[in-house]
1. Just to confirm my filter: which helices (runs of 4 or more DSSP H) fall fully inside the range B:269-343 and include at least 1 residues that are within 14 Å of another protein chain (Cβ to nearest Cβ)?
2. Would you mind stating whether C:PRO17 is in contact with a helix residue (DSSP H, G or I) (Cβ under 6 Å, 6 or more places away or on another chain) and within 14 Å of another protein chain (Cβ to nearest Cβ)?
3. Can you find even one residue in the range C:351-361 that is over 28 Å from C:GLU680 (Cβ atoms) and either among the β-branched types (Val, Ile, Thr) or in a helix (DSSP H, G or I) (or both)?
4. Residues C:VAL3, C:VAL16: which one is without any contact (Cβ under 8 Å) to a residue 60 or more places away in the chain and under 27 Å from the mean Cα position of the chain (by Cα)?
5. Please name all residue pairs, on different chains or six or more residues apart, with Cβ atoms under 8 Å, provided the first residue is in the range B:167-189 and is closer than 18 Å to B:ALA78 by Cβ and in contact (Cβ under 8 Å) with a residue 24 or more places away in the chain and the second residue is of a type in the set (S, T, N, Q) and part of a strand (DSSP E or B).
6. Only residues that are in contact with a helix residue (DSSP H, G or I) (Cβ under 8 Å, 6 or more places away or on another chain), at pLDDT 95 or above and either part of a loop (DSSP other than H, G, I, E, B) or assigned by TED's automatic domain parsing to the domain that holds C:ASP688 (or both): list them for the range C:513-553, please.
7. Within the range A:172-206, track down each residue that is outside any helix (DSSP H, G or I), over 16 Å from B:SER88 (Cβ atoms) and modelled with pLDDT of 95 or more.
Amino acid sequence: MPEHLDGDDKPSVSRRRFLGATASTAALPFMGASAARAVADPAVKPDPGALLNVSLTINGKDHRLGLDVRTTLLDALRDHVGLTGSKKGCDHGQCGACTVHVDGQRTLSCLTLAASAHGRVIETIEGLASTDGKLHPMQQAFIDNDAFQCGYCTPGQIMSAVGCVKEGHADNDDAIREYMSGNLCRCAAYPNIVAAINQAKTQMEG
Amino acid sequence: MRPFVYERAATSEVATQAIRAGIATDTAPRQGRYPAEFLAGGTNLLDLMKLDVMQPAKLIDITGLTQAHSAILVSPQALRLGALAKMSAVADHPEIIKNFPVVAQSLTLAASAQLRNMASIGGNVLQRTRCSYFRDTSWSACNKRNPGSGCAALDGYNRGHAVLGASKDCIATYPGDFAQALMALDAVVTVLGPDGTRTVPFSDLHRAPGSTPNVETTLRPGDVITAFVIPAATWMRRSLYMKIRDRQSYQFALASAAVALDIDDGGLVRQARIALGGVATVPWRARDAEAALVGKKLDPQTAESAARLAFGGAAPREHNAFKIALGQKTVTRALVQAATLEV
Amino acid sequence: MTVAAPTPKANMGQPVPRYDGLAKVTGSALYAADFPHLDLAYAYLVSSGIAKGRVKSLDVREVRTLPGVLDILSHENMSDAVAHAKFFSDGGPVSNSVVPLSSPEIAYAGQTIAVVLANSYEAARDAAQRIVVDYDIDPASATFGSKGAIDQVLAEQSKKHEDPKVGDFASAYAAAPVKIDAAYSTPTQHHNPLELFATVCSWDGPNLTVYEPSQNVYGIKNGLAQQLGMDASRVRVISPFIGGAFGSKGALTQRTAIVAVAAKRLGRPVKLVATRRQAFTIATYRAETRHIIKLAATPDGKLQALSHEGFEVTSRPDPYAVAGTDASTRMYACPNIVSNVTIVRADRSTPGFMRAPAETPYFFALESAMDELAIALNMDPIELRRVNDTMKEPIKGLPYTSRSLMACFDEAATAFGWSKRNPRPGSMRDGDWLVGWGCATAAYPTQMAPASARVSLFPDGTARVETASHEIGTGIYTVAAQTAAEQLGLPFEKITVALGDTILPPAPVSGGSITTASVCSVIAQACAAIRGKLSNEAVGADLVEALNKRGLGAIEEYAEWVPHGAKAGAMQALYKGAAQPIGGAKLEDRMQFAFGAQFVEVRVHSQTREVRVPRMVSAFAAGRIMNTRTARSQLMGGMIWGIGSALHEQTDIDTNAARYVNTDLAEYLIPVNADVVDIEVIMVPEEDKLVNPLGIKGIGEIGIVGANAAVANAVYHATGQRIRDLPLRIDGLMPSA
């Protein structure tokens, strides 16, 4: 079993009864050995007023949040943690502006439930530069190559670009273009984005 | 998006029990789907929940089962893909790229890098149509979403809609790519259901719309796909996926073809496999076209006449007639290219 | 220097990296929906599922009981909350004169018919989706040719429009030896900036603060005050970063007043982030157009007659039109010209400006027809432009202040390798791909509007620029700082710039490619005033020393600048958010245009007919270039818009329902990274001392103008198929089965 499914590190429900136990104690929307009994409880109905306790590790810092179960990771970051660098451009996984890293993989935070991200390691644009303020090579490369205009898609582009290099999909321009095609840029800085990735990848590998 | 009960499953058995229990608590299917749904990558489910097209009362998060059900096993007899393997993991697997190129290509040419990192292959084959009339609940007529309400696409804007396998009740296109590869390679689906594990030929997984377009697969309540098994065959290495779209990348197919060929030393086709995407309501196997190639030398002319057979029963609507010619050209191009592969 | 930072040629500024680069790569730039608020409530729109009729009933009983739902606004409780304001073409502030929620009437699909207010975004969305609407449905007219759509002659509907004409077209056309008569069309398109249409309204007693991405913050301030019946001095609009606009954020949309009213009623700040689907109907769009072009020439290519008839769709209430005949009739020397524009009223929301609003569709038609004429003449298309090049526009004989069209053609043709082109269609091939090369003229009116700014110089050698202009991605922060640095002789790093806030001096709408010319002109004027006060000659350290010698804590100069040709009262209109761009073909004494030449290589698959653009070269001459880095990016962006516009972009209409169907970014196709391969931007040096003191023309829009026709011309060259309807998709290129 993955580590995040163990122990206390699970999302829990507060403010109401859930699965036959009081919310703030042991009752969890997670099924272990007693799950069959638990889910057989005919009282299971969604409670729109309930808040789910979710722990997210974001940019190395732990956050404990009480969230509507429907909250996406993107909205949790923006509206509940105050990290507004990740952007909402479509909310349906079609533009890439919300791209963050979850357990090191570039991921669309708009199509990720915050509850599903419970216990996972999340990195956003705000955590990319060193704590001393030194920019990540990809951030510097975006500035040097003018790889943005309005800047709205930029956090997602940069997070995606870092992922693209780490995945080994930045070997040549064709690969970069293909593997960056999930990040729309309406200002159309695409050639400059490709140039920025080429600049940054050698520094990242070095 | 409606509120839902969120649960995490630790084992697949628990998951299927859970979903059955979820169904038992709320027997009225909504939007033609079950009131409880498994959540894996979530890329299609959450999208449709945000649109209020899908309204599950319960989500059973099965991402905790990933370790147990995401293995990629290559043996001399078969390729076995755990259903929770991510699209990107399968697409980038060196042995799959080499020995089952159509599988790797169908995944690489689908969606975006981020979506492929998120989406499970089991969920991918079940992704639902992109028909606008289905995805937007403010259109009242959609038999798939709301059985008996009609089909707004029939006389609406239907450039993207199906020319094969359509009915008078639904012309929505099956949008995926990977399914065509599975179809072409005679894959078998391993399903864990309330009564245990069973296997289903992939070609039996999807149901043509007929008069019940709301029922899209032969899966039963509580079933979960746990694996795909692709038998090794003489045609698997001479295979490819050809996908035609307006944009160079990140678009659903206007037409696609998964093809696999076994060609003898004399250049004659021993076996051919052809599955079509972007043009049909379900992953579409073109068996007549396959049969027509056997024993022939694969040249542009034989490929083209086989391609014509593949679209024999095509029924165009106002805006999608081009898909017949496009589909034929796509098949032709795919076959000719496959014949020239070095294997 | 990298490719992204071209070495400046004559009359070009340094490629200084963007002033706001650090903020944008670290996620710290705050866009409208990013500002923190205490006790925020969320709004979610309910949109009409029909195009015409009325709301019979809204069933909100279930919804009112949902946890977190605070209120539901509809015509039942909002009917007189927002006052009618005039459509902007009629001198008003709004992009669409239909006031949603003022009555049960529905004028277009997607019209806002209710708004849910809730404690959370999740609750608001859920409630909005659950509201059951019962409609009375009337038949709706979708577009050209739809039953009930009404054709009107634009010149009879709009006092501002006059059809350009000269000579005797009919006789000249009849007599000429070589002729072209062809019909073209362009589709509905949507801007789709990546940033969604967000609005946050917050009241502090009688004072309202609005956070909204805007190309005209003073327009929102004054228009909203009018709609809400309040004093404009009590409205502040904050918009420091805009996530793309392209025209969609220029005029006041009807959502802002609704959010303001909601916030007032709740006594809490309210945030609306409209969905991508709603973005297709709550703001504006580029309407579909049709064109009939007739050209006639002598055998040596001299144009003898030109006729351009345009047809444009608009809404029932608002006579919006782009009327691109103003420019398309004035590009080439021709003695006999006639034109007219017809608007077609349908049950649609009102269209609006989108990148090169008039030129994009009208030049597709004109420049495709020019290519057809070149083929009919058996003449190189560049030479056809050359023999008809002119320094005087043909309608009134007014001189161009500068025109470097042929210099652009020559530089771009050389870089592209045009001389290697075999003109025979279908003659160039690479394996299974048919290769085609095409070119077209681009032009865009050089316009400006009144602007104001405050520049302050401080004893520590820093300076501050303040003007309520808008950073929509153009780089105005950067060139504003560059202008002040240059004019005061200070290092770029010593300049701070404040934009996008109505507490700052007013700047005009950031549209029509006017911003750099207008805003940099007024900044230069304020800087000159500072120099004048301290010491006329001194700049840089000497200027700062002069300030220190006098013992001043700061020197602050407020400037107002009015462009050539501006009407009386133009400066006062600026303060009301209603400054009108002036220039182009609208001046009485001269023509002001930037020009360009665009070259495209296309590849069309010989069997499956998909079209790709592996290479594009364009040259532009647009007066002084302030910053070669930001300028190149903006021109490149326009060129890539041209690829998308030519090949992909079309908002599909269900004509039975008069509704859009591809209302998301998976189905409305804009170019992705893989669609763009080799883009070369050439900036041709040009000096024009007449347009404004700095000689700036504007570059935001010209990049798209010739691209559509260049692609179509290249597709003809590749295939022999002349496609006259955009976009050029497989459907049109596939021989029928």
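The values are calculated or read from the model by the stated rules, or taken from the named source; none is laboratory data. Since the structure is predicted, the reported quantities are computational estimates derived from the model, not experimental observations. Please note: Cβ atoms are built from the backbone with ideal geometry, for glycine as well, and neighbour counts cover all protein chains shown.
1. Numbers: elements: B:287-293, B:300-310, B:322-339.
Where helices (runs of 4 or more DSSP H) fall fully within the range B:269-343 and carry at least 1 residues being within 14 Å of another protein chain (Cβ to nearest Cβ), they are B:300-310, B:322-339.
2. Numbers: in contact with a helix residue (DSSP H, G or I) (Cβ under 6 Å, 6 or more places away or on another chain): yes; within 14 Å of another protein chain (Cβ to nearest Cβ): yes.
Spelling it out, C:PRO17 is indeed in contact with a helix residue (DSSP H, G or I) (Cβ under 6 Å, 6 or more places away or on another chain) and within 14 Å of another protein chain (Cβ to nearest Cβ).
3. no
4. On the way: C:VAL16 fails: without any contact (Cβ under 8 Å) to a residue 60 or more places away in the chain.
One residue alone meets the criteria, C:VAL3.
5. From the range B:167-189, the pairs are B:ALA181/B:SER239; B:ALA184/B:SER239; B:LEU185/B:SER239; B:VAL188/B:THR199; B:VAL189/B:THR199.
6. C:SER513, the sole residue that qualifies.
7. Taking the range A:172-206 and keeping what is outside any helix (DSSP H, G or I), we get A:172, A:180-189, A:206.
Going one step further and asking which of them are over 16 Å from B:SER88 (Cβ atoms), we end up with A:172, A:184-189, A:206.
A:ASN172, A:LEU184, A:CYS185, A:ARG186, A:CYS187, A:ALA188, A:ALA189 - these are the residues of the range A:172-206 that are outside any helix (DSSP H, G or I), over 16 Å from B:SER88 (Cβ atoms) and modelled with pLDDT of 95 or more.
The rows are residues; the columns are (1) crowded, with 24+ Cβ neighbours inside 10 Å; (2) touching a Cys at 6+ places or on another chain (Cβ under 8 Å); (3) not assigned by TED's automatic domain parsing to the domain that holds C:ILE625; (4) not hydrophobic (A, V, I, L, M, F, W, C).
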position: C:VAL684; (1), (2), (3), (4): no, yes, no, no
position: C:LEU694; (1), (2), (3), (4): no, yes, no, no
position: C:GLY700; (1), (2), (3), (4): yes, no, no, yes
position: C:ALA709; (1), (2), (3), (4): yes, no, no, no
position: C:ASN713; (1), (2), (3), (4): yes, yes, no, yes
position: C:ILE723; (1), (2), (3), (4): no, no, no, no
position: C:LEU726; (1), (2), (3), (4): yes, no, no, no
position: C:ARG729; (1), (2), (3), (4): no, no, no, yes
